[in-house]
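Bear in mind these aren't lab numbers, they're just calculated from the coordinates by the rules spelled out. Note that the structure is predicted; figures quoted are calculated from it, not measured. Every residue, glycine as well, gets a Cβ built from its backbone with ideal geometry; the counts of neighbours run over all protein chains shown.
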C-alpha cells in the first residue's frame, strides 16, 4: 500500500475509529514517543487523539513518555532507544552533528518561542534600553547561548547585559523581586506573566526582530523511518488532524491532557494552548499544511545553530527533515 493510498484509508478509519479499533488492534505496532518535557498544553492533542482511538485505528499503539528536555529526547531518538520524539529543532540538529540518526517530520512550534520579559517600571522600554541591565536565565539556556545573534539583530553590544544564573522555576519570582531586570522564557507561558505583572509587563519575541528558528518538532529515528514509512505517515497525519481538531475546539483536548497528567491547572493550560496556536501559525503551515517545514527557514535554523552552538560535524540540513509524510489537506488557521 502506498503512502497516498494509506492516507485515503486512514481518513476513513479515523472518522470511524470506534468501529474499526478492534480490527486495527490485531495488527498494531508499538511506538514510543518521548516528549520534550513533562506533559503540557502543547501535548494535549496527542492525548486527545489517543483517547479518541485515532492512533489505534491507524495501527499504532502509542506510548507517550514524559521527557526531561529536548537534548534527552533527541539523544534517545537518535540512538533508537525510542522510535519518535519531540525536540527543539536546533537541539536536534546539534544531536545530529554528534551522530544522532534522526529526521524531523513535522513542526510543532513553527515559530520560535524565545521571548524576553521585563518590567516597564525598571525604565526599560525595549532592547535599546538593555545595556547596563541584568538578564536572568539558566547557564545553558538557549536564549543565553544565542544571545550574540539577538544582540546583533537589535543593534547592541554582546556584552551589553550581565547574565545572572536563575533556575527555570525562579525566573518570574526573581524578576518580580527586582533581583534581575530581564528574563528569557518560552512564549507559551506568556499569560502567566501578564497575570503577574499586568500593565507593567514589557516583552519582545525574538521572531519580531527577525530571529525565527524552528522550535519544537516531531523527530523520528532514521532506521525506524526507513523500515516503517507508511506507519510514520499514518502517525503524522493523525497528529496533524489532532492538532487541527484542538485548534477548532480546545476543551476536549485539555480534558484529555488533565486526565493523563497530574498537577496541571485547567486555566493555565487553556492560556498556554492559545499561545501554542500562535506558535503553530506561519505562511507555510496555513497555506501548505499544518506542521509544514519551509526549506529556507530550515537552512536559517541550521545556520544559526552552526554559528552559535558549534556543530561537531557539519551536514546538509536538507537531509535532516522531510515534508513527505504530511498531508496538505490539513492546514493551520490564523488564531
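Please determine, in degrees from 0 to 90 and to the nearest 10, the orientation of helix 251-260 with respect to the longest principal axis defined by the Cα atoms of the chain, where the helix direction is its Cα long axis.
90
Specify whether the C-alpha gyration tensor of segment 114-209 places it in the rounded, prolate or oblate class, a ≥ b ≥ c being the square roots of the eigenvalues: rounded for a/c under 1.5, otherwise prolate if a/b is larger than b/c and oblate if not.
rounded
Could I have the simple spin-label model distance between residue 192 and residue 157, label points 7 Å from Cα toward Cβ, reported in nm to one decimal?
Between residue 192 and residue 157, the simple spin-label model gives 3.4 nm.
How much length is gained on full extension from residue 145 to residue 201, taking 0.36 nm per residue of separation minus their Cα-Cα distance?
Separation in residues times 0.36 nm, less the Cα-Cα distance, equals 17.7 nm.
What length, rounded to one decimal in nm, is gained on full extension from residue 51 through to residue 287, with 0.36 nm per residue of separation minus their alpha-carbon distance?
That pair, residue 51 and residue 287, stretches by 82.1 nm at full extension.
Could you state the number of Å between the C-alpha centres of segment 152-182 and segment 234-276?
Using only Cα atoms, the two centres lie 31 Å from each other.
Here are labelled values, [x] 21.4; [y] 20.6; [z] 22.1, and one is the computed Kirkwood radius over Cα pairs in Å for what I pasted. Which one?
Here the calculated entry is [y].
Please find, in a Gaussian network model of the chain (springs between Cα atoms separated by less than 10 Å), the residue of 220, 232, 154 whose mean-square fluctuation is greatest.
So, out of 220, 232, 154, the one fluctuating most is 154.
For the chain, modelled as a Gaussian network with Cα springs under 10 Å, which listed residue fluctuates most, 96, 266, 241?
Sorting by GNM fluctuation, first place goes to 266.
Running a GNM on the chain with Cα contacts under 10 Å, which residue among 164, 254, 305 ends up with the highest mean-square fluctuation?
For the chain, modelled as a Gaussian network with Cα springs under 10 Å, the answer is 164.
Calculate the spin-label point distance for residue 133 paired with residue 61, positioning each point 7 Å from the Cα along the beta-carbon direction, and give it in nanometres.
5.4
Which residues does a label at residue 319 reach in segment 96-115, if reach means a backbone N under 19 Å from a point 7 Å past the Cα toward the Cβ?
Answer for this model: 96-105.
Sorting 34, 64 on the 10 Å Cβ count, fewest up front, what's the list?
Final ranking by Cβ density, sparse to dense: 64, 34.
Quote to one decimal, in nm, the extra length available between residue 309 and residue 223 on full extension: 0.36 nm per residue of separation minus the C-alpha distance between them.
28.3 nm
Among 180, 286, which comes first, second and so on when ranked by fewest other beta-carbon atoms within 10 Å?
With the fewest neighbours first, 180, 286 line up as 286, 180.
Any idea what the relative contact order of the chain is, in percent, if you count C-alpha pairs under 8 Å spaced at least 6 apart?
The normalised contact order for the chain reaches 26 percent.
Rounded to the nearest 0.05, what FRET efficiency is calculated for residue 79 and residue 267 with R0 set to 25 Å and r the Cβ-Cβ distance?
Taking R0 as 25 Å, the efficiency between residue 79 and residue 267 is 0.05.
What does the helix-only formula give at 222 nm for the chain: each DSSP H stretch with n ≥ 4 adding -39500 (n - 2.57), the total divided by the residues, and the result rounded to the nearest 500 deg cm²/dmol?
Computed mean residue ellipticity for the chain: -12500 deg cm²/dmol.
Counting only C-alpha contacts under 8 Å and six or more residues apart, can you give the relative contact order of segment 114-209 as a whole percent?
Value for segment 114-209: 49 percent.
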